[in-house]
Every structure is written in structure tokens, then in C-alpha cells.
Amino acid sequence: MALINKDTLDIFKQKANQLVNRTLDKHMNLAVTGLSRSGKTAFITSFVNQLLNENSQSKLDFFNVIHQGRFIAAKRVPQKSLHISRFAYEKSMSSFTQEEPTWPEPTHGISELRLAIRYQPQDSLLKYATDTATLYVDITDYPGEWLLDLPLLNQTFEEWSEATNQLLLNTSRYEISKEFINKVELLDPFEVVDEDKLAKLAEEYTQLLMDFRHKMGLSVIQPGRFILPGELDGAPILQFFPFTNFENIDVNKYQNAEDNTLIGMLRARYIEYKERVVKAFYKEHFINFDRQIILADCLTPLNSGPDSFKDLQQALNLIMESFNYGKSGLFTRLFSPKIDKLLFAATKADHVTPEQHNHLTSLLNQLVHQTQHQLNFDEINMATLAIASIKSTKTGTGLHQGENIPVIQGRKVSDGSLITLFPGAVPAKIPKKEFWQSKPFNYIAFSPLHSVAENQALPHLRMDQVLEFLLGDKVK
Ligand SMILES: Nc1nc2c(ncn2[C@@H]2O[C@H](COP(=O)(O)OP(=O)(O)OP(=O)(O)O)[C@@H](O)[C@H]2O)c(=O)[nH]1
Ligand SMILES: [Mg+2]
């Protein structure tokens, strides 16, 4: 009988381990989205930071792989898609590590980052076969505005123009859109197009969308790519606008209009936009996502007033369409998405006192589920959480009119001074008229409280629950 010496046996064991390891390595695509300023960059930075700097001081008790002592380490590895920007993790971290910490700069478009998470599998059988397994997570950051475009796929140019016209006539928007609407009314849609004139009007329409978002705090922005053009900035495919005067033009003449007329070119560009921008995003990116987190800042609209809040509600409705997996859903008919878990997170929860967190969660829940009876989300496991990616306030109690009340303390972005306040109560349900009459909520932008060292975990609220929901079953 041939004798196997110890070295050979070790090599054999190592090989066997490698083989099992390889089959144990898993991969998932995690997508992070939310409307602009909802907190995507802060979220991804904290998500990665928590995993890279896991140690005895980390506060990640609800992430089971850590709680059970099976987490080994996480590191950044080169990303999969070389044609997509790298998520600027170091740059973003440097804003939190400098002496006077600030928030990272706004970002535009899509970016990616890949993490490798090493852990010990829980399963005893696997545990004997191998020491470790690795979960590779590709994280994609993309603007939530891009999801607002899905409904366009179901609309002709005429239908979209009419729907947008209705939106523009809405009292709060009309104030700043009437000039644009008046200009469109004076156009002859059947004249041979002057491309310069068209480009200028498209620019005006884009500026309107920017003002809706950034000056009025509104959320329904269509086409979504107009305010976040990325590499398409200045391209003719983003130069069109809704023709808001359809009721006054001849339908037959419109149907037969050539592409070199004003209306013909608007229609042609709209169709091209749907194909090359909207569909392309779903085909190239969205269908590859395994899991999705949608970040929503409910507090800013709550502070801005009823119009802004109602608009957020409508935008979330539009966003939900992309997850309507029912057989009859437009989306499933067009593509074959495979997202199995969807997390809604109300961000910046450190802006309210702790006893309000439940209210914030149920408010977002209501906003998300308002349409559920019409849609079919059976195939997706959904959850809602109130989180702070980077906790920037301290909590305590203060005396107000002889009574102890919960308060938060933070450093104002505006002048850096410390302020202690009770910011107000968050309604647990979609607020009614009476709520808005008393201006009940006071949102003040806070700077990150303390600078952290590069290899230190950032303070947070419920990031461990986020990790458990999104990754927990993959690192068992
Ligand atoms: N207090 C607090 N503020 C936050 C938190 N996360 C984000 N913010 C605030 O929200 C702002 C926007 O956060 P970002 O992470 O840049 O949001 P974004 O979605 O990446 O924004 P865009 O890149 O412009 O689309 C920050 O500048 C902060 O003022 C948080 O956890 N706590
Ligand atoms: Mg960003």
C-alpha cells in the first residue's frame, strides 16, 4: 500500500479547501438609490466604513455574522465594471476625518464599488469542510430620479406632454412655469424646426426642473435625466420639452408631422430618449441588481410644507412602479428584473428625538404602501427602517415649561454653533390639513459632530439592521 506523507496530505487538504471555498464564494449586486440629497453618498460611505473597520468598538450588534463572531474581515477589491465611475470612498471619508468634519460634495450619475467580505459559514457541515467563505458585494449608487422615468415607457409624446402640462398647471409649480407655458403657446409646431430655438427652450425647461427640485424641494422631476445628465450633458437627446399646447393643434396634422418640424423633432427625441436613456438604464444596470435600498429624506419635505410632501408621495409612487413585479406590470413585461429584497430607509433620523423614530418608520411605510393594493409585490421581501448613516447629533432631555422633554444637540451647518432643540413631532401617518397649519417641524441642517480617524467606525443609527436585512442571509 502506498504511503501518503504529511506534506502530501496537507496539500491535498488545501486543494480540497480551495475547491469548496470556490463553490462557497457568493456574489451579489446591491443597488443604492434615492432622490438627490437623500443621503446616498453618506449611506454608502458609512456602509463600507462599518464593514472595513469592524472591531470590538463597532456597534453592529444586529448584524448576526458579527454578533456570532463569524465575521473575519472586509476589504475593497477592484470593481467589476471598468466603464463605470468608482465610488469615491476615500474622498468622502476624508470629509469626515478632517478636523472640522463636513459632508461630502453632491455626486452626479452612477458609480460603483466592490467589497469582499470574509466570514465563517454557520453551517456545521461546511464549517468542517472549509475555514472561510467570501461574499463579493458590488454596490451601485445611482440617482433615484432615473426611476421617475419608467412611466414614460408607457406614454406617447402626446400623453406625456399632457400629463406634464397638468403637473405644471398645479398651483405651486405654475407660479414659475407660466412663462415657459406661454412661450410654448406662441410656437408654431409645424414650422421647420430651428434647432437653436429648440435647444434654448429645452434649457429653460431643464432650469424649471432644477428650480422645482432645488428651490421648491419638489420630487417629481421628468425627464429625470435632465437634472442629472452625467455624460449626456449637452447631447440633443436631452434637448426636448413637453409640448404643453396639444389641445390647440390638429391631431391628424400632428400624426403626419415630419421629423424636421418642431413637433416632429420633439417627438423623435422623446422616443429616442425612451430607447437610449430610459430603457438602456434598465437593461444595462437595473436588471442586474439583486437587492435594492431606497433612501428617502422625509424630514426635509415635512419641514418644507404640504406641496413638497405631497410631491414626495407622488415621486415614491412613481419609483414603486419599477418594483411592481406582478405579471401585468409594465416593468416585468419589458424586462426580467430579479430583485428579491427591497429596503426603504428614512434617512437622517438623527434629526429627530429617539421616541419619534417609530413614527418616522411608519410614515415612510404609509408612503410606500399607499399603492400596494394596486401593485403586486409578492415576490419581493420589503422592509422599512429609520436610519442615520452618520449620526450627527447627541440626544438627551431638556427642561421646557417645567417639564422634561427629549432634545437633540447638533452643530449647525450655517455657522458651526451648537444648538439644542426639540425639533418637533413626526406624524405617524400621512399628515392632514391640520398638521400643516401649526408648522410643527423644525429641520436644521447639522454638520457631522466629531471627526473620526481613518480606521474608525462612523457613528450611526441602525446601520447594523440595514446590513442584516441586505446581507444577513448571504453570510450564513
Ligand atoms: N444629520 C444627518 N444628515 C445627513 C445624513 N446623511 C445625509 N445627510 C445630509 O444630507 C445631505 C445629502 O447627503 P448625500 O449623502 O450627499 O446625499 P446624496 O443622495 O448622495 O446626494 P446627491 O449626490 O446630490 O444626489 C448631506 O450633505 C447632509 O447634510 C445623516 O445620516 N445624518
Ligand atoms: Mg451623492
- Please verify whether the stretch 297-311 includes one or more residues that are part of a loop (DSSP other than H, G, I, E, B) and surrounded by fewer than 18 Cβ atoms within 10 Å (Cβ to Cβ). yes
- Any idea which of (1) touching a residue at least 12 places away in the same chain (Cβ under 8 Å); (2) surrounded by 15 or more Cβ atoms within 10 Å (Cβ to Cβ) is the one residue 170 doesn't satisfy? (1)
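For (1) part of a strand (DSSP E or B); (2) within 24 Å of residue 317 (Cα to Cα); (3) open to solvent by less than 50 Å² (accessible area, probe 1.4 Å), each residue gets a yes or a no:
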residue	(1), (2), (3)
360	no, yes, yes
363	no, yes, yes
385	yes, yes, yes
458	no, no, yes
- Message: Looking only at residues that are of a type in the set (Lys, Arg) and within 16 Å of ligand 1 (Cβ to nearest atom) in the stretch 29-87, which one is nearest to residue 288 (Cα to Cα)?
- Response: 86
- Query: What number of residues within the stretch 394-421 satisfy the criterion of being open to solvent by 80 Å² or more (accessible area, probe 1.4 Å) and among the hydrophobic types (A, V, I, L, M, F, W, C)?
  - Reply: 2
- Task: Might you let me know whether the stretch 187-210 holds any residue that is within 16 Å of ligand 1 (Cβ to nearest atom), part of a helix (DSSP H, G or I) and either of a type in the set (A, V, I, L, M) or touching a strand residue (DSSP E or B) at 6+ places or on another chain (Cβ under 9 Å) (or both)?
- Result: yes
- Task: May I ask you to list pairs of residues, at least six apart or on different chains, whose Cβ atoms are under 6 Å apart, with the first in the stretch 442-453 being within 16 Å of ligand 2 (Cβ to nearest atom) and the second being open to solvent by less than 50 Å² (accessible area, probe 1.4 Å)?
- Result: 448/96; 448/101; 448/390; 448/392
- Task: Output the residues belonging to the stretch 59-95 that are open to solvent by less than 60 Å² (accessible area, probe 1.4 Å), closer than 30 Å to residue 284 by Cα and without any contact (Cβ under 8 Å) to a residue 60 or more places away in the chain.
- Result: 74, 76, 77, 79, 81, 84, 87, 88, 89, 92
- Query: What tally of residues in the stretch 96-115 results from selecting those that are away from ligand 2 (no atom under 16 Å from the Cβ), open to solvent by 10 Å² or more (accessible area, probe 1.4 Å) and assigned to a strand (DSSP E or B)?
  - Reply: 1
- Name the single residue, out of those in the stretch 35-58 being surrounded by fewer than 23 Cβ atoms within 10 Å (Cβ to Cβ) and polar (S, T, N, Q), that is farthest from ligand 2 (Cβ to nearest atom). 56
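The values are calculated or read from the model by the stated rules, or taken from the named source; none is laboratory data. For clarity, every value in this text was computed on a predicted model and none was experimentally measured. FYI the Cβ positions are ideal-geometry reconstructions off the backbone, even for glycines, and counts take in every protein chain you see. Note: areas computed on protein heavy atoms with side chains; ligands, DNA, RNA excluded. Shrake-Rupley method; radii C 1.70, N 1.55, O 1.52, S 1.80 Å.
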